[in-house]
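I'd like to ask some things about the structure below.
The values are calculated or read from the model by the stated rules, or taken from the named source; none is laboratory data. Keep in mind it's a predicted model, so treat the numbers as computed, not measured. Here the Cβ is made from the backbone with ideal geometry for all residues, glycine too, and neighbour counts use every protein chain on show. The protein model used for the area step is the full one, side chains on, heavy atoms only, and it has no ligands, DNA or RNA in it. Shrake-Rupley method; radii C 1.70, N 1.55, O 1.52, S 1.80 Å.
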Amino acid sequence: MAEQDINTISQDWQPLMLEFERRKVYGQSMGGEAKLTKREADGRLNAREMVTALVDVNSFMELGTLAGSLSYHGEPTAPADALVGGLATIDGQNVVIGVEDFTVMGGSIGHATNAKKIRLANLALQERLPFVSLLEGSGERTTNALSRHPYAPTDMQILARLSGIVPTVALIVGPSAGHGAITGMLKDFIIMTSDACLFAAGPPLVQAALGEKVSKQDLGGATMHTSISGVAHNKVEDLAEGISLVRHYLSFFPSSAYQVVKNRQSVSSQQRSLPEIFSLVPSDDRIAYDMRKLIALLVDEPADSIEIQSAYGRSMITSLARLGGYSVGIVANQPNFQAGAITAEAAEKASHFIDVCNAFHLPVIFLADNPGVMSGSAAEQAGTLRAAARMYAAQSAIDGPKLHVTVRKAFGFGSSLMGMNPFDQQTLTLAFPGITLGGIPALGGGIATGVDADMAEKLKAAEESGAWSTGDTMAYDEIIDPRELRNRLIKGLSISRERQLIDPQPLKRTGIKP
């Protein structure tokens, strides 16, 4: 405290305020000069610098600065007990944040850290605020075993209750193991920087317990978790890109499930015809194309959308975007990969994404172009049917606007998974002319059932008349000119807006997931 500041305080308060200042400075000192200098030399921000980079300027109000500053049983003290947390704003929206400080005891979780984590999670639940965590820590502190835990609860209990109440995000910025890693798994959206790792136990413990010698990246690196395990959603190159993604992601959501995200009108949100669709989407459903290009054409601003888990379950695209100024979730088959067949990974990815959109009242738009659910022994062994049933349950449970479009084809259970279920709470069900439909593709189905050539031809004709026969029976609300796709969807979103604004509430938790 500067001399001029202390002189403004009455003398009886001065000793107390000087001691308070000393303790506050210690609480903000992190791991000390040597560790902070090394981190800076490595080109990495420290915990407090990460907070500054994440939140709006001068918006951070720290909570628990003095946590960890006392020793009761001879254990070493820890500045802020290795967790910098509090309240702030991101793009003007109030949020709760917690950043693990790796320079303090490896970002481990002491008793005071646990109390702080519980308090932050409770504040997010109580005040209905998004909760953002930056994780880089070694899990429970080993010295915890030397002293009596002051109370039993953990933040995991609160985080489980937070699910579907407020948006939650975890950005993994370094090695994260044990308890910290598990709390990351309880968040809606998990981002990993390219050098981050996420595991139940690190390589030394794995080698000691199992005799397996493995590198950190092979065990739990960002590439593995975003493309093979599916544990994390998106990989970013560095912290700056990760922070930008956190802020962008939150912009698509309301602060809580008690609100609906605001419509963002702009020049690009107006209706427009899409004649480019004819050159982008081949009429022959046996020819592949990139569904990402159709989505980019459809949405307000392609640069403003976020594809979730692009490297996992690649036959399915899940993306946040704006259409007509509305925040929407898009679930689309990708004909460029495995013809858009729905694999176990694709269904798992879509299920989680649909659940998140539904929890926060985001309309979901399905773009179907698939030959059905993936078949074969590998698919069966992967549990594809159960994953597909899980996806069906997720889309069937959508409480808000649900809009379906069959672009070219949708076979068997693959059509139902993509929301093509007449009179199942859809706001709109649309199709392009010339779509093909059926329980299974006519060629394979005819061979499998041993029908004669005449019956095979009839099956093929029925398959190819899908748009006309289903339009006749109201399986689709309308067969549309493809150029009008964007305008029809915007109209569907607009007509459902009023019911969304009537007393939005968190979803009731019912049913058993497949």
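Express the accessible area of segment 333-432 per residue in Å², computed with a 1.4 Å probe while the remaining protein chains stay in the model.
It amounts to 29 Å² per residue over segment 333-432.
Could you work out [θ]222 nm for the chain from helices alone, using -39500 (n - 2.57) per DSSP H run of at least four and dividing by all its residues? Round to the nearest 500 deg cm²/dmol.
Helices in the chain give a 222 nm mean residue ellipticity of -10000 deg cm²/dmol.
Would you list LYS262, LYS235, LYS491 from the most to the least accessible area, probe 1.4 Å? Provide the component values of the computation, followed by the final result.
On the way: LYS262 165, LYS235 85, LYS491 120 Å².
Largest accessible area first, the list is LYS262, LYS491, LYS235.
Using a 1.4 angstrom probe on the protein heavy atoms only, line up SER279, SER29 by accessible area, largest first.
Details: SER279 110, SER29 45 Å².
Result of the area sort, largest leading: SER279, SER29.
Pulled fully out, how much extra length does the chain show between LYS513 and ASN122, if you take 0.36 nm times their separation in residues and subtract their Cα-Cα distance?
Taking LYS513 through ASN122 to full extension adds about 138.1 nm, to one decimal.
Another question about this same structure. Restricting to Cα pairs below 8 Å that are 6+ residues apart, what does the relative contact order work out to for segment 1-77? Please round to a whole percent.
Values: 25 pairs, mean separation 22.0, N = 77.
It comes to 29 percent, rounded to a whole number.
Between (i) 176; (ii) 184; (iii) 157, which entry matches volume of the Cα convex hull per residue in Å³ as derived from the coordinates of this structure?
Working out volume of the Cα convex hull per residue in Å³ from the coordinates points to (ii).
In debye, nearest 20, what is the charge dipole magnitude of segment 1-152 about its Cα centre with +1 on Lys and Arg Cβ and -1 on Asp and Glu Cβ, if you could check?
Dipole of segment 1-152, to the nearest 20 debye: 480 debye.
Over the chain, calculate the relative contact order: mean separation of alpha carbon pairs under 8 Å at least 6 apart, over the residue count, as a percent.
9 percent
In the chain, carbon and sulfur make up what percent of the accessible area (probe 1.4 Å)?
Heavy-atom surface of the chain belonging to carbon and sulfur, 1.4 Å probe: 56 percent.
Tell me which of GLN93, SER215, LEU239 sits at the most positive position along the dipole axis of the chain, charges placed on C-beta atoms (Lys, Arg +1; Asp, Glu -1).
Most positive-ward Cα: GLN93.
Keeping all protein chains in place, calculate the accessible area per residue for segment 31-162 (probe 1.4 angstrom), answer in Å².
Using a 1.4 Å probe on heavy atoms only, each residue of segment 31-162 averages 46 Å².
Continuing with the same structure: Provide the packing ranking of 299-307, 334-342, i.e. peptides ordered by the mean count of other C-beta atoms within 10 Å per residue, highest first.
Ranked by mean Cβ neighbours within 10 Å, highest first: 334-342, 299-307.
Now, a different point. About the Cα centre, and with charges only on the beta carbon of Lys, Arg (+1) and Asp, Glu (-1), how big is the dipole of segment 234-279? Nearest 20 debye, please.
With Lys and Arg at +1 and Asp and Glu at -1, about 280 debye.
Let me ask another. Using the Cα centre of the chain as origin and beta-carbon charges of +1 (Lys, Arg) and -1 (Asp, Glu), tell me which of GLY414, SER305, GLN157 is placed farthest towards the positive end of the dipole.
The residue sitting most towards the positive pole is GLN157.
How much accessible surface area, in Å² rounded to 10, belongs to the heavy atoms of GLU127 with a 1.4 Å probe?
For GLU127, the solvent-accessible surface is approximately 100 Å².
Each label point is 7 Å from the Cα along the Cα-to-Cβ direction; what then is the distance between the points at SER163 and THR8, in nm?
According to this spin-label approximation, the distance is 4.9 nm.
Among the listed pairs LYS116/LYS216; LYS235/LYS491; LYS38/LYS262; LYS24/LYS262; LYS116/LYS213; LYS38/LYS349, which have their C-alpha atoms separated by more than 32 angstrom in this model?
Where the Cα-Cα span goes over 32 Å, the pairs concerned are LYS235/LYS491; LYS38/LYS262; LYS24/LYS262; LYS116/LYS213; LYS38/LYS349.
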